[in-house]
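Comments concern the structure below.
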Amino acid sequence: QEFIGSMTNVVTNPDLAISDPVKVTVKGADVTGVEIIPKPLAAISGRVALEPSNLPECKNKRRPLFSETMVLLAQDRKEAQNDPFAALRMFTSISTTDKDGAFTMKNIRRGAYSLMPQFFARYWYLKSISIGSQTPTKQTSATRDVARNWLPLKAGERVTGLTVTLSEGAGSVRGQVTVAEDSKLEPGFFVFLVPAERDKVDDPFRYFVGPVADDNSFSLANLPPGRYSLLAQKPQAEV
């Protein structure tokens with residue numbers, strides 16, 4: 001994935017239109033009849049919703065602040081490599097988050113994306129990212145989970161009604177990777193946390209990864225309640 005989007009606390013950008021790149025070959029003569037047609041870019045709007053807990057353990061814990069929240073837009077790496085305007089979205093896909101948690105990401109080229117919110121509250125975790133009505137009626141469709149798959153965007157498309165839900169009650173895991181007394185852990189190791197509960201295997205928010213520090217320690221935070229399996233491994237280089 002390649003991260004290309006949006007942060008809070010910045011000035012709202014105007015709507016832009018960009019044409020697709022046109023390949024032109026010049027061989028000792030003028031080239032005429034080239035058409036460059038600007039196309040409107042897509043946009044995503046939604047809000048961050050906070051779901052507090054009534055558990056005694058969560059009482060008086062710090063809540064996430066919308067002023068500290070970011071929503072990052074991740075594009076499929078293969079698409080980003082073939083997109084000459086991928087770097088441009090570092091500036092155009094930027095939005096502000098208002099006091100109610102609403103956000104808008106503008107000027108997004110067509111493609112498939114996923115959203116990755118970031119926030120700063122130790123006892124909260126990302127619960128869901130969805131589009132649609134929580135209480136379906138004849139005029140509205142049921143909530144659609146957009147976290148399990150890429151979110152496809154067409155040129156000029158306006159995606160609205162997206163809800164990022166943060167829930168209270170997160171946990172954390174801290175520890176150390178041990179090796180034989182006469183051995184040393186190779187650099188580049190990571191700790192992977194995966195769901196041990198069978199009904200949570202398809203939940204993308206139950207998978208975590210963190211680096212192993214020089215002193216062999218590791219730390220993973222903002223974990224949803226549940227049972228997990230822990231694995232330390234050095235990822236293989238991509239071919």
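What trypsin sites (Lys or Arg not before Pro) in region 147-202 are in a loop by DSSP, with at most 12 other Cβ atoms within 10 Å of the Cβ?
Counting only loop positions with at most 12 other Cβ atoms within 10 Å, the trypsin sites (Lys or Arg not before Pro) in region 147-202 are ARG148, LYS154, LYS184.
Can you pull the one-decimal nm distance between simple spin-label points at ARG63 and ALA196, each 7 Å off the Cα toward Cβ?
Placing both labels 7 Å along Cα→Cβ, they lie 3.4 nm apart.
In nm, to one decimal, how far is the LEU16 label point from the GLU51 one, both placed 7 Å along Cα→Cβ?
3.6 nm
Length gain on complete extension for the stretch ALA180 to ARG227, per 0.36 nm per residue less the alpha carbon to alpha carbon distance?
The ALA180-ARG227 span can extend by a further 14.1 nm.
Could you compute how fast region 14-54 diffuses translationally, taking Rh as the Kirkwood radius over C-alpha pairs and applying Stokes-Einstein at 20 °C with viscosity 1.002 mPa s? Give it in µm² per second.
D = 142 µm²/s.
Rule-based calculations on the coordinates, nothing more; no lab input. This is a predicted model, so every value here is computed, not measured. Neighbour counts are summed over all protein chains in view; Cβ atoms, including those assigned to glycine, are modelled from backbone coordinates with ideal geometry.
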